[in-house]
Structure formats: C-alpha cells, structure tokens
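The values are calculated or read from the model by the stated rules, or taken from the named source; none is laboratory data. Just so it is clear, the model here is predicted, and its values are computed rather than measured. A quick note on method: Cβ atoms are made from the backbone with ideal geometry, for glycine too, and the neighbour counts reach across all protein chains shown. Protein only, heavy atoms only, side chains kept; ligands, DNA and RNA dropped before computing areas. Shrake-Rupley method; radii C 1.70, N 1.55, O 1.52, S 1.80 Å.
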Amino acid sequence: TRFLVPFLCDFEGFAVFMDGDMVCLGDVVELVRYMTLMDKYNYAVRVVKHDYSPKEDTKFLGNLQTKYSRKNWSSVMVFNNALCTKLTPEYVEKAPGLELHQFGWCKEEQVAGMPKEWNCLIDVADYDYKTAKLIHFTKGSPCFKEYQNCTASEIWWDEYNNMKGPVGEE
C-alpha cells in the first residue's frame, strides 16, 4: 500500500511514506523541502539511494530475504504526487513487487536522492546513527525480544517511554 500514497492524496501536493520500524529524529518538513525548494517539481520521488545487498538469506521471523538492486530505497519516499499518476489501485495490485520497489513506474531521471541521514539502516550499513535524522530498524525493532538491545535501541526505548506518559507530563 505504500505505493498508493499518491493516489490517496488525489495525486496532489507532496507526501512522505516511511516504514513502520523507524524513529524520526529530524524535522519531516525538511523532507518535503527537498521537493519544493530544491527541485522545481521535476522529480516523482526522492529516496535515500542505499548501496546495500543483504548478506542473510532470511530476515525477521524467518521470512525469505529478497535480494535486489535498490533494496530499502522505498522504505522512505517523498512523493511529488502529480508525477505519480501511474500508481493507481489497479496498477499497484497487478504490478510485480520488484517493479514497484525498483521504481519501474516512473522514469529513471525522476528518482532523486536524499542524504543518508534520512534512512539510517541500523546494524545493516555503516552509518553514524548519532547524526541520523531517521533511524530505520530494518532487521527488527527493539519491541521484539531479539532486538531489544540492538544498536540505537536506547533511542527507540526513549521514544516509546515518552509516548506512554500522560499528555503534558514532562
């Protein structure tokens, strides 16, 4: 459903998609500014262009790890919705997953990059998570026993505990 975001926005404006296993530490407005202030609306989507190929054959909960070029690019996307009109429910339902995740739905030159701080892959790539604007627990988030003490888990737990507190409590 991540590829239906432009459709859900009536193909108007800009939208951000992020996987659910992330903690955002930066200002999300900055992501949209990459499109509105820097691009003059020429790009359909902006992503962090990871140079990453998983070493494992399985991923979390024993699921098969699919290896393909542009792995994790679609885990954070800033859409220019007007340039994503191919992403209708009918197209997304029928298109092969790799076509969607490898951006076969737009022209190559319409896929622009963003700084790697906006999709820091924890325990996967060589990133300094202390300067990250968005931390991605792509192997498994700390809510799962196997990952409760992974790299940067203290940031996840701090956010979790902050959310549990009563509204207005410091």
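Is it the case that region 74-92 has a residue that's β-branched (V, I, T), at pLDDT 90 or above and touching a His at 6+ places or on another chain (Cβ under 9 Å)? Don't jump to the end; show me each part of the working.
Within region 74-92, the subset β-branched (V, I, T) is 76, 78, 85, 88, 92.
So of that shortlist, the ones also at pLDDT 90 or above come out as 76, 78, 85, 88, 92.
Checking the rest, the ones that are also touching a His at 6+ places or on another chain (Cβ under 9 Å) come to 76.
For region 74-92, residues β-branched (V, I, T), at pLDDT 90 or above and touching a His at 6+ places or on another chain (Cβ under 9 Å): present.
Looking at E117, E154 in this structure, which one is touching a Lys or Arg at 6+ places or on another chain (Cβ under 7 Å) and modelled with pLDDT of 90 or more? Explain how you work it out, then say what you get.
Numbers: E154 fails: touching a Lys or Arg at 6+ places or on another chain (Cβ under 7 Å).
Among E117, E154, only E117 is touching a Lys or Arg at 6+ places or on another chain (Cβ under 7 Å) and modelled with pLDDT of 90 or more.
Please specify each residue of region 18-43 satisfying the condition of being crowded, with 16+ Cβ neighbours inside 10 Å, at pLDDT 90 or above and closer than 13 Å to M114 by Cβ.
M18, Y43, listed by residue number.
Can you pull out every residue in region 123-147 that is of a type outside the set (D, E, K, R) and at pLDDT 90 or above?
Step one: filter region 123-147 for residues of a type outside the set (D, E, K, R), giving 124-125, 127, 129, 131-132, 134-138, 140-144, 147.
Residues satisfying the conditions are T131, A132, L134, I135, H136, F137, S141, P142, C143, F144, Y147.
Could you pull out the residue among A112, A125 that is aliphatic (A, V, I, L, M), under 17 Å from the mean Cα position of the chain (by Cα) and not in a loop (DSSP other than H, G, I, E, B)? Walk me through how you get there before you give the answer.
On the way: A125 fails: not in a loop (DSSP other than H, G, I, E, B).
That would be A112, the only listed residue that is aliphatic (A, V, I, L, M), under 17 Å from the mean Cα position of the chain (by Cα) and not in a loop (DSSP other than H, G, I, E, B).
Between E93, E99, E159, which is without any contact (Cβ under 8 Å) to a residue 12 or more places away in the chain, open to solvent by less than 80 Å² (accessible area, probe 1.4 Å) and not in a strand (DSSP E or B)? Give the steps one after another, and end with the answer.
Details: E93 fails: open to solvent by less than 80 Å² (accessible area, probe 1.4 Å); E159 fails: without any contact (Cβ under 8 Å) to a residue 12 or more places away in the chain.
Going through E93, E99, E159 in turn, just one is without any contact (Cβ under 8 Å) to a residue 12 or more places away in the chain, open to solvent by less than 80 Å² (accessible area, probe 1.4 Å) and not in a strand (DSSP E or B): E99.
Scan region 72-90 for residues that are free of Cβ contacts under 8 Å to residues at least 24 places away in the same chain and either open to solvent by less than 40 Å² (accessible area, probe 1.4 Å) or under 13 Å from V47 (Cα atoms) (or both) and jot them down.
Step one: filter region 72-90 for residues free of Cβ contacts under 8 Å to residues at least 24 places away in the same chain, giving 86, 90.
Within region 72-90, none qualify.
Out of curiosity, is E117 in a helix (DSSP H, G or I) and touching a Ser or Thr at 6+ places or on another chain (Cβ under 7 Å)? Steps first, please.
Details: in a helix (DSSP H, G or I): yes; touching a Ser or Thr at 6+ places or on another chain (Cβ under 7 Å): yes.
For E117, the condition - in a helix (DSSP H, G or I) and touching a Ser or Thr at 6+ places or on another chain (Cβ under 7 Å) - is met.
For region 111-156, what are the residues that are surrounded by fewer than 17 Cβ atoms within 10 Å (Cβ to Cβ) and touching a Phe, Trp or Tyr at 6+ places or on another chain (Cβ under 6 Å)?
Result: A125, single match.
So for region 121-131 (the condition being β-branched (V, I, T) and touching a residue at least 40 places away in the same chain (Cβ under 8 Å)), does at least one residue qualify?
Looking through region 121-131, at least one residue is β-branched (V, I, T) and touching a residue at least 40 places away in the same chain (Cβ under 8 Å).
Select from region 82-103 the residues that are within 23 Å of M35 (Cα to Cα) and among the basic types (K, R) and list them in ascending order.
K86
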